[in-house]
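I have placed the structure first, in the form of structure tokens, so that the comments after it can refer back to it.
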Amino acid sequence: MIRKTLTQTEWIILILGIAFVGGVFIRFFPTLAVGFPINDGGMFLSMIRDLSSSNYLIPKFTSYNQLQIPFAYPPFGFYFARIISDIFNISEINLLRFIPPFVNSLSIFAFYLLSSELLKSKLLGALSSVFYALTPGAFGWFVMGGGLTRSFGSLFLLLSVYFVYRLFQSGEIKLIAWPIICCAVTVLSHPEAGIHTAATCILLWIIFGRTRQSFIQSIFVAFGVLLFTSPWWLTVISYHGLSPFLSASHTGSFGVPFFVGITKAIVGEGLIPVLVVLKIIGLIWAIYKKRYFLLIWVFLPYIIEPRSAPSVTFYPLTMLIALAFAEAIPFFFSRLQKINVEELYKNKIYNFIFLFVLVILFIDSSLYGFRLIGNSLKPAEIESMMWIKENVDSDAKIISITGNPSPEIDPFIEWLPALSERRNQSTIQGYEWLLGENFFERYSDLAELQNCETVTCVEEWSLRTDLDYEFVVINQIEENDSVNLSFANSENYEQIYKNQEVAIYQR
């Protein structure tokens with residue numbers, strides 16, 4: 001006799017399979033479509049190559065943009081890429097394409113482990129994981145070139161919270177090695193992920209710990225993390241003191257205001273607002289069911305460190321989506337038809353609705369992937385950078401004009417120093433380790449340059465900021481026609497290169 005229904009274990013395996021297969025597809029699709037890392041990663045390319053030049057020792061400075069930027073960034077991702085490149089003879093650029101989506105795909109299973117523990121249900125964990133895997137936009141920052149560090153930070157943040165929670169729940173000292181290792185690798189992967197991990201673990205102790213035993217265990221974990229990460233931070237301090245870390249701390253507020261951030265986190269990136277409704281229902285349900293940890297975790301990241309808060313807030317919000325779908329909505333309709341949450345997988349109507357929602361999310365996430373494709377270097381742009389490398393003096397100073405007033409998310413401006421190996425005065429990446437509280441002033445200056453439409457504007461900007469140059473690189477020459485024509489018609493500049501996307505002028 002053929003069974004008409006799945007067992008709960010089979011249903012969970014099926015949902016996890018959908019989460020992984022669908023999640024892998026939408027994470028790899030953008031970079032496979034363009035053949036180059038999405039958006040950022042230029043500075044990381046230089047840092048991976050620096051480890052080869054230094055024979056795997058942490059260099060004092062990175063070669064990126066010839067600015068003497070301290071090599072203070074947590075180095076786990078760079079070492080991982082360097083080792084893989086040397087063992088398998090894979091180019092660093094291809095590793096920046098494929099490592100981020102691969103690691104972010106692994107985080108689907110890490111999220112399943114964590115959500116199953118926090119929600120005390122493998123069924124709810126599977127539901128959370130499939131929403132985590134298919135939510136439009138939630139994976140964006142982790143599959144870009146710069147996701148080399150962000151994806152590792154996300155993966156080990158989830159694993160750290162999972163193992164710390166298990167340690168507090170069981171109290172078994174034999175489990176203490178796992179939270180130490182995962183927390184240490186988180187700190188060594190991404191600076192902001194380390195901060196959010198520490199804050200979340202403190203919240204775990206407040207909500208689930210608060211015993212003398214768990215407090216002592218927390219001290220051991222903290223001491224172990226300091227010990228395992230000490231080769232990195234002691235090396236940086238021996239080179240530069242605390243100044244790079246103090247400088248970087250001034251950029252932590254580089255985000256949106258608290259209520260704006262929370263609103264954006266709830267609205268999300270999707271074109272179809274199905275998850276918005278589920279998030280709101282989930283928040284209301286969490287208040288009703290007194291799920292204080294998830295509620296506080298939604299808001300805590302924006303208090304601790306706003307810059308990376310959206311990606312961390314996404315974790316509890318996704319669990320609340322699962323609770324809304326599996327508990328809150330059935331509760332409201334229970335008067336019409338009694339629904340047992342643990343038997344939900346047997347309900348044909350609910351499974352149909354669930355499948356319909358997943359199809360919508362998959363389509364929406366795929367459309368988001370098309371948007372990511374447009375935020376990558378074009379072949380003509382790469383060609384212009386390689387031309388600069390071969391034809392412009394190594395000590396030359398360049399300014400690049402793209403018309404994008406947000407230099408921190410402009411791939412052309414970030415990749416130019418890495419591929420040309422020349423100094424680009426328009427690049428913001430790296431200054432967070434140098435300028436401290438003056439970082440935002442430099443950011444405003446670089447954003448202002450992108451609004452210039454004449455030679456006079458550019459020259460006045462250069463005098464005011466004391467950022468001199470010998471070459472001007474204008475990207476997207478059709479969109480920036482005014483400034484391009486101004487340089488073309490100026491007697492003080494000579495056009496030395498041009499293709500369909502880029503024009504280069506020598507002063």
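The values are calculated or read from the model by the stated rules, or taken from the named source; none is laboratory data. Model, not experiment: these values are computed from the prediction. Heads up, the Cβs are rebuilt from the backbone with ideal geometry, glycines too, and the neighbour counts pull from every protein chain shown.
Values computed for the structure shown
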item	result
Selected residue [more than 22 Å from the chain's Cα centre (by Cα), at pLDDT 95 or above and crowded, with 22+ Cβ neighbours inside 10 Å] from V187, V221	V221
Residue check, L167 surrounded by fewer than 24 Cβ atoms within 10 Å (Cβ to Cβ) and over 15 Å from the mean Cα position of the chain (by Cα)	no
Residues (part of a helix (DSSP H, G or I) and not charged (D, E, K, R)) located in segment 464-507	T465, S482, V483, N484, L485, S486, F487, A488
Filter result for the condition that a residue is in the same structural domain as S247 (by TED's automatic domain parsing) and touching a Gly at 6+ places or on another chain (Cβ under 6 Å), over T211, T149, T200	T149
Residue list for segment 493-507, filter: exposed (fewer than 15 other Cβ atoms within 10 Å of the Cβ) and hydrophobic (A, V, I, L, M, F, W, C)	I496
Residue in segment 227-242 that is surrounded by the fewest Cβ atoms within 10 Å (Cβ to Cβ), counting only those that are in contact with a strand residue (DSSP E or B) (Cβ under 8 Å, 6 or more places away or on another chain) and not β-branched (V, I, T)	Y239
From V458, V392, residue being outside the structural domain of V143 (by TED's automatic domain parsing) and in contact with a Phe, Trp or Tyr (Cβ under 7 Å, 6 or more places away or on another chain)	V392
Per-region count, segment 382-408, residues assigned to a helix (DSSP H, G or I) and among the acidic types (D, E)	3
Meets criteria (assigned to a helix (DSSP H, G or I), β-branched (V, I, T), modelled with pLDDT under 95 and farther than 18 Å from L188 by Cα) for V276	yes
Segment 82-124 - residue that is polar (S, T, N, Q) and farther than 16 Å from T31 by Cβ and, of those, surrounded by the fewest Cβ atoms within 10 Å (Cβ to Cβ)	N89
Hits in segment 409-430 (condition: touching a residue at least 40 places away in the same chain (Cβ under 8 Å), of a type outside the set (A, V, I, L, M, F, W, C) and either in a helix (DSSP H, G or I) or in contact with a helix residue (DSSP H, G or I) (Cβ under 7 Å, 6 or more places away or on another chain) (or both))	P411, E414, P417, E421, R422, R423, N424, T427, Q429, G430
Breaking point among (1) free of Cβ contacts under 8 Å to residues at least 12 places away in the same chain; (2) within 24 Å of P379 (Cα to Cα), for N489	(2)
Residue among V143, V130 that is closer than 14 Å to T31 by Cα and in the same structural domain as Q169 (by TED's automatic domain parsing)	V143
Sole residue being among the charged types (D, E, K, R), modelled with pLDDT under 95 and out of contact with any Cys (no Cβ under 7 Å at 6 or more places or on another chain), chosen from E432, E470, E460, E383	E432
Residue among F102, F109, F76, F88 that is in contact with a His (Cβ under 9 Å, 6 or more places away or on another chain) and assigned by TED's automatic domain parsing to the domain that holds S154	F76
Helices (runs of 4 or more DSSP H) enclosed by segment 77-195 - at least 3 residues per element that are of a type in the set (S, T, Y)	92-119, 122-134, 147-170
Among (1) surrounded by fewer than 24 Cβ atoms within 10 Å (Cβ to Cβ); (2) at pLDDT 95 or above, the one test that V130 misses	(1)
